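Presented below is the structure to which this report refers.
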Amino acid sequence: MIRFAIRALIQRKLRTVLTALSIVLGVAMVSGTYVLTDSIGTAFDSIFGQTYKNTDAAITGKSAISNNQSDTTTPATFNQNLLAQVQALPEVGAAIGSVSAEAQLIGSNGKAIVFGGAPNLGFSVDPDHPDFDSLNLVDGSWPVAREVVIDRATADKKGLEVGQMIGVQARGPVQRLRISGLVTFGAVSTIGGATLAGFRLSTAQDLFDKQGKLDQIRIAAKSGISQSQLISAVQKVLPAGTQVRTGQEQAVEDASGTSSFISFLQTFLLVFGGVALFVGSFVIANSLSITIAQRTREFATLRTLGATRRQVLGSVILEALVMGVLASVAGLLLGLALAKGLFRLFDAVGFTLPNSGLIFKPRTIVVALLVGILVTVVASLRPARRATRVPPIAAVREGVVLPPGRLARFRAGGAVLLAAAGFSSLLFGLFNHGLGTSSVLILMLVGALAVFVGVALFASRLVRPMASAANPLARWSVVLFSVLVWPLFSLPFWLLRRGAWGPGSRGSRVGGFILGAALNPVLLIMVLIMVSRRAATGWRPEWPAEFPSVAPDRSATDIGGENSRRDPQRTASTAAALMIGLALVTLVATLAAAIIKPFEDAVDQIFTADYAITAQNNFSPIPPSVAAAAASTVGLESIASVRGGDGKAFGKTIQVTAVDPQAAEVLTLRWQDGAQAVLGQLDSDGAIVAKSYAKSHRLVRGSPISVLTPSGSTIQLKIAGIFDPPSGGSPFGQVTISSATFDRNYAAPQNLFTFAKLRGGVNDANTQSLEASLKAFPNAKVATRAQFKSNQISGIKSVLNILYVLLALSVVVSLFGIVNTLVLTVFERTRELGMMRAIGMTRRQTRRMIRHESVIIALIGAALGIALGLILAGLLIARVDFMSFALPTSQLITFAVVAVLVGIFAAIFPARRAARLNPLEALQYE
Amino acid sequence: MSASPSNVVVANGITRQFGEGDTSVHALRGIDVCIPSGELTAVMGPSGSGKSTLMHILAGLDKPTAGSVHIAGTEITALGDTELTKLRRRHIGFIFQFFNLLPMLTARENVLLPLTIAGAKPGPGWFDELIGRVGLTDRLTHRPAELSGGQQQRVAIARALVSRPSVVFADEPTGNLDSTTSGEILALMRSSVEEYGQTTVMVTHDANAAAMADRVLFLADGQIVQELPRSSPRDILLAIEKLGIR
Ligand SMILES: Nc1ncnc2c1ncn2[C@@H]1O[C@H](COP(=O)(O)OP(=O)(O)OP(=O)(O)O)[C@@H](O)[C@H]1O
Ligand SMILES: [Mg+2]
């Protein structure tokens, strides 16, 4: 039987390939994700492992707050006296101290050297103990005072050489240092595009503002001393606020941020692979049902020859299984290529991922194959059950209607119920407070799946009215499209072919040819290929062809529209695949709009300064020295910064922010209790909190509140004011104090934002003088309110773009679905098409008829998808406080246009096939 | 009529009505018929007289509105789908007007298909003998698309015979072939009756074809109106004329 299944697939090569493609893409996404993340993970593991290769124990500062939420808190440092104490221990063979922090390299053009938002790592190196260092010196020498070693990848990319001077900016203004050497990190030349800068310890301490302090001590045991002996010996001399771990433990600890990022990336990408597979399952189910309808006679014959229903069921499932295996294997391999391509792509945009070879784990193979095969087989179940209902008599009688299945009459009702159950699951997950995150996610996932399947099943009822409604829209959008491509495609193509093969006078042909070539040189190449193919083989291009016209062809489109209503279930299933992709892009677009709008409103309300100063990448914290430099700008009226760090209050980790006294002049809050002036009078124990925080902890003006800081100190505060932040949020954390108090309790404080007001407000002169005073800080950026808004949103926008790209995959899968349906339909209607061609339908009319049907399918999918996306987004937005519904009109129009284009492109191939049918052969076809 | 062992197929009081009410068609109106073992029975009659309908019912492809059908002693009108399928495997072979070969299988595979489905193997020598008999020895690896109509029907005949069913039904087996090829195919069917004792029921419009049968049944308006033993084409044509049914 397996031989028959394979034969049956080979018999319908084109259809099999088209059907399988939808699974290939999804599986490729899954396997590509695994290969990519496994490879990155392994590379990072080796990096972190290497860092501590000769380290038996590592001492680090200990934060009083266990789980750090923000990256604004620098790990606690400790006094460097500890190093001498540790070195004096009899168990210790060698020990070195080190500091590390962000160190921005500045190119000779005065611009910061950044590669795609990758970190800029700065650290001390100890050339006397090379054993501890995983850096390899590949050129020059280790640094002495006022020298730096940088990584070779950065040097190569920026053309830097040993002996040159380079700017380095850490806590203070830019320092000019001499490049003493180039290093690589173990075997890898770069870690995710990060720049490396290594200094002498004393230089590093100065740069990082950590004089007399250390971030870490690495210890090697004396030979014969075990790790546990060493640890317990070290523990005896450890002061409060420090901790000791083994080298391996420290490596795991350092890697934890990266590992959780990689596992996030993995889940994130797998979700989109899952979406593509889900859409693919629709395509498969639909293609199989169509194929099975076309093979009715075949199944009936099998039944007359003694095949039982079970055997028919088995043979269809077996075919699906074989197809699933082939598609999954192809997808697996394509995934490998995809991962490779992604590495290249990231490299090209400067974000080089660490790559020590592609990792192809058995798990990748197992999961990719299993998922691909399972999805295919599950999708084949319904069509296979249909096949079993083919009665033997269909072998001898034309047009036998399949007896409806036992459940057929519950179909519409069931679909509605399923969708309703899906929505209730979504609502329950969203609005039932007190569920865990994972159960909310599962409820929402199951709910969304049920909604999609339910709507898809019910959609066949909507096809007729929707197709009629879409009819004029489809006609006119295609006319519009034809008008747009006419001068650059249709006309030159016709001119070029006329030039090549006539008719007409020599002069007009040559003239037309040259005009055509000038309008579209790509087509020139195509036509030249056609000419040579015609000369070399007996191939006859389609010529003469009618002069391209853009006028709508009523009769062709009318038949196309009719065809789209002929089999509502088929049209609905095909459209449903596109619906899913469009629902998801609509969802993310609407959610993004729902975040952006309130955020902009919030900035408009709070930001009453003229300028904001942020890091170049808009989100990294910047050292307070930047604000200090800006403060000297001529014409400055007021300047205030917002600092940020972790804290702990009421037993929970919170974000603590701090403001300068002049904040009252640059930031405007709405107050529930207190006044604007409070911002300037926070003093040593004043704190302000947001309304919601005050409510949940029953705080009023004057209430005491104590905040634990990472260094272990506790700040005793009194509530000085309660403000009412706009729904789009505020720059403040849960508790906001004065920067003076903050600086007393936090090591190496950093600013999140700095706001400044200048005499004369925003004008070119003020912008220039502010920028001039920040000249020593290339990492800082000046922005007006409008720029600040768009800078802050740019993060959301790029996330949005990534989501669009990933969701495009599922739209492509549904495009294949439409192609597939149309090819199958053309095949099925061969006789009919031949008859229509025989009674006078032109090739162009045939093409237009197919295209019209395709565009109608796409429009139905778009309408359902956009509606569903808006509803789902509305639900989420209703649940989340900081979002408010705003219709992303321009995006929605774009999506509809994309849907029409999908329809037009999907029709190209099937329409060509239909138009190529020879009327005579088509009529003889049996 | 009784279900004697010499009658492979016995049908009693068969009626078949299509549709309900005004538009209903009485395709068969009370038919009693026996198909004796080892004979070639021809069924003739004007278009629309119910020949195909009768065949379908006798072969268990369709259910009668009333009446009963026994095949090899088993009452089939009451059987469930699976039992009926199993019975079909053992007792019934089909030859179709449009061949109904599976396009992706070779001639050999098509012929063996009923056995493959039943999970059986042809007896030793049987397959080769059969293929030699239908004259397909050098065409076994071809696909249906690579065979002529006559060759395709030969494959179909071999397929019907390969499992040695109790009865073979053929509905206008030559309806889609030219006269020379038709003659060859009919000779082949006759020889299968002669050499293998294959019970066969054949619907035909061709008096020459009917003349090869051991018995000819005439159907008109859903009823058997006459029955002839083995006769010459002339007698058959005369009978048709007399009945006024052509
Ligand atoms: N599925 C059906 N539904 C409705 N009426 C049917 C159906 N099948 C057959 N009939 C009717 O039953 C009658 C007998 O049909 P049948 O196909 O048995 O005729 P026939 O003798 O085989 O004709 P022909 O020689 O043209 O093949 C006809 O009037 C036909 O219209
Ligand atoms: Mg008939």
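The values are calculated or read from the model by the stated rules, or taken from the named source; none is laboratory data. Everything quoted here is computed from the prediction, not taken from an experiment. All Cβ positions, glycine included, derive from the backbone under ideal geometry; neighbour counts span all protein chains shown. Surface accessibility is based on the protein's heavy atoms, side chains included, excluding ligands, DNA and RNA. Shrake-Rupley method; radii C 1.70, N 1.55, O 1.52, S 1.80 Å.
Here are some notes:
- Residue within region A:314-335 that is touching a residue at least 60 places away in the same chain (Cβ under 8 Å) and facing chain B (nearest Cβ under 10 Å) present: yes
- Residues within region A:383-434 that are under 20 Å from A:Val455 (Cβ atoms) and part of a loop (DSSP other than H, G, I, E, B), tallied: 1
- Filter pass, A:Thr846 being over 34 Å from the mean Cα position of the chain (by Cα), more than 22 Å from A:Pro568 (Cβ to Cβ) and surrounded by 19 or more Cβ atoms within 10 Å (Cβ to Cβ): yes
- Cβ-Cβ distances below 6 Å connect the following pairs, each with a first residue in region A:587-609 that is basic (Lys, Arg), a second residue that is at pLDDT below 90, and a separation of six or more residues or different chains: A:Lys597/A:Ala886.
- In region A:31-57, the residues that are open to solvent by 30 Å² or more (accessible area, probe 1.4 Å) and of a type in the set (S, T, N, Q): A:Thr42, A:Ser46, A:Gln50, A:Asn54
- Pair list, Cβ < 6 Å and 6+ apart or interchain, from region A:739-757 residues that are of a type outside the set (Gly, Ala, Ser) to residues that are open to solvent by 40 Å² or more (accessible area, probe 1.4 Å) and in a strand (DSSP E or B): A:Lys757/A:Glu637
- Count of region B:101-139 residues which are surrounded by fewer than 16 Cβ atoms within 10 Å (Cβ to Cβ), assigned to a loop (DSSP other than H, G, I, E, B) and either within 14 Å of chain A (Cβ to nearest Cβ) or in contact with a helix residue (DSSP H, G or I) (Cβ under 8 Å, 6 or more places away or on another chain) (or both): 5
- Residue in region B:178-209 that is surrounded by the most Cβ atoms within 10 Å (Cβ to Cβ), counting only those that are within 16 Å of ligand 2 (Cβ to nearest atom) and more than 13 Å from the chain's Cα centre (by Cα): B:Ala209
- Residue within region A:153-176 that is within 26 Å of A:Ser39 (Cα to Cα), assigned to a loop (DSSP other than H, G, I, E, B), in the same structural domain as A:Gln87 (by TED's automatic domain parsing) and among the polar types (S, T, N, Q) present: no
- Counted residues, region A:378-432 - those being of a type in the set (D, E, K, R) and within 16 Å of ligand 2 (Cβ to nearest atom): 2
- Residues (touching a Lys or Arg at 6+ places or on another chain (Cβ under 7 Å) and away from ligand 2 (no atom under 16 Å from the Cβ)) located in region B:42-84: B:Gly60, B:Pro64, B:Thr65, B:Thr77, B:Asp81
- All positions within region A:601-617 that are under 22 Å from A:Ala780 (Cα atoms) and buried (at least 19 other Cβ atoms within 10 Å of the Cβ): A:Val603, A:Ile606, A:Phe607, A:Ala609, A:Asp610, A:Tyr611, A:Ala612, A:Ile613, A:Thr614, A:Ala615
- In summary, strands (runs of 3 or more DSSP E) completely within region A:660-736 and bearing 1 or more residues that are open to solvent by 40 Å² or more (accessible area, probe 1.4 Å) occur at A:671-673, A:704-708, A:714-723.
- Restricting attention to region B:69-96 and to residues that are among the polar types (S, T, N, Q) and more than 8 Å from every other protein chain (Cβ to nearest Cβ), the residue that is nearest to B:Val9 (Cα to Cα) turns out to be B:Thr74.
- Extreme residue, farthest from the other protein chains (Cβ to nearest Cβ), among residues of region A:5-19 that are surrounded by 19 or more Cβ atoms within 10 Å (Cβ to Cβ) and assigned to a helix (DSSP H, G or I): A:Leu18
- Sole residue being farther than 30 Å from A:Gly335 by Cβ, of a type in the set (Phe, Trp, Tyr) and open to solvent by 40 Å² or more (accessible area, probe 1.4 Å), chosen from A:Phe827, A:Phe816: A:Phe827
- Selection count, region A:273-313, where residues are open to solvent by 20 Å² or more (accessible area, probe 1.4 Å) and away from chain B (no Cβ under 14 Å): 9
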